[in-house]
1. Starting from the Cα of residue 124, step 7 Å along the direction of its Cβ; do the same at residue 104; then give the gap between the two resulting points in nm.
2. Calculate, for region 1-56, the solvent-accessible area per residue in square angstrom, rolling a 1.4 angstrom probe over the heavy atoms of the protein chains.
3. At 1.4 Å probe size, with the rest of the protein present, what percent of the exposed accessible area of the chain is carbon and sulfur atoms?
4. Sort 83, 18 by accessible area with a 1.4 Å probe, largest first.
5. Could you size up the charge dipole of region 108-207 around its Cα centre, putting +1 on the beta carbon of Lys and Arg and -1 on that of Asp and Glu, and report it in debye to the nearest 20?
6. Rg and Dmax of region 1-105, using alpha carbons, in Å: what are they?
7. Would you grab the residues whose amide H sits under 5 Å from the one on residue 89? Only those 5+ places off in sequence or on another chain, please, with H modelled 1.01 Å from N.
8. Using the Cα centre of region 59-217 as origin and beta-carbon charges of +1 (Lys, Arg) and -1 (Asp, Glu), tell me which of 159, 117, 87 is placed farthest towards the positive end of the dipole.
Amino acid sequence: MSFSSSAKEDLVKIRLKTDLVRLALLSGLVHTCGALTIGRGRGAIFSTETLAVGKLIVSLSTQLYQLEPTIELSERERRRPLTLVTLLGDDAEKLLLDTGLLLNNGGEFSIGEVVPARLLVDEECQRAFLRGAFLGSGSCTNPYRGYHLEIVARSAAFADQLIGVLASFGPEAKTMQRREKPVVYLKGDDVSAFLALVGANGSALKFESARAERDFR
C-alpha cells in the first residue's frame, strides 16, 4: 500500500460529530472527485482509486440525504481499478446545491467552483473540508523519496479557496499547472503539518520519522 493510500485509510476512520462537519467533508469530496450527472433528474457520480473513500462517500451522503447509492469497481489495464459511486434520488439535487457544485440563480442553474462559506464556519469544518479535498484528489510522496503533497483542483477559484483555508492554519501552499488544471502543493515541513491538520496523525509521525532518518543519513 502506498503512503497516500495508507494516509487515506486512516482518514476515513475519523468519527464526525455533527452533520455540518459531515457536509463540509462531503463538499471537499464533491469538488475534487465528484461530478454532476444527468439521468433520472440530476445526480452525482464520484470516482476514486480508494475503495474506502468510495464507501465513505456512500456513508456520508446517505446519512445526510435520501438517496439511492450504487458502488462498483471499474477495471483499468495496468492500473488500480476505479471505485465509482453514483447517487440518485429526490435529494441528489439538494446535495449538489448544498455543497456548491450546482448553483441556482432564480431558476437558472450553473456549475459552482467553490464550497459555500456557510460550510466553513469554524476550524472543525475547515479541517473536514481539507480532509475531503485530500481524500478526493490528493496524493503524498513516500517520505523516503521526497517531501511533496498535492491536491488537484478543477478551477483556479477552488485552488485559491484551498490555499486560503490552509493559510489560516499556517501551511503556505502554492499552485502549478498540470494538464490545464491547477494543482495545489506543499513541500517540506508543511507536508507533515497538513497531515496532522486533517487528522492523519499516524502518517504525520511516519513522515517525520522517515524525514529524520533521511536527514541523518
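The values are calculated or read from the model by the stated rules, or taken from the named source; none is laboratory data. Not measured: the values here are computed from a predicted model. Please note: Cβ atoms are built from the backbone with ideal geometry, for glycine as well, and neighbour counts cover all protein chains shown. With ligands, DNA and RNA removed, areas are computed over all heavy atoms of the protein, side chains included. Shrake-Rupley method; radii C 1.70, N 1.55, O 1.52, S 1.80 Å.
1. 2.8
2. Details: 2490 Å² over 56 residues.
Here the residues of region 1-56 average 45 Å² of exposed surface.
3. Numbers: 5370 of 11010 Å².
With neighbouring chains kept in place, the figure for the chain is 49 percent.
4. Values: 83 0, 18 65 Å².
Accessible-area ranking of 83, 18, largest first: 18, 83.
5. Details: 11 positive and 11 negative charges, 91 e Å.
Charge dipole of region 108-207: 440 debye, to the nearest 20.
6. Looking at region 1-105, its Cα Rg and Dmax stand at 13.8, 45 Å.
7. Counting only residues 5 or more places away or on other chains, the set is 68.
8. Highest projection toward the positive end goes to 159.
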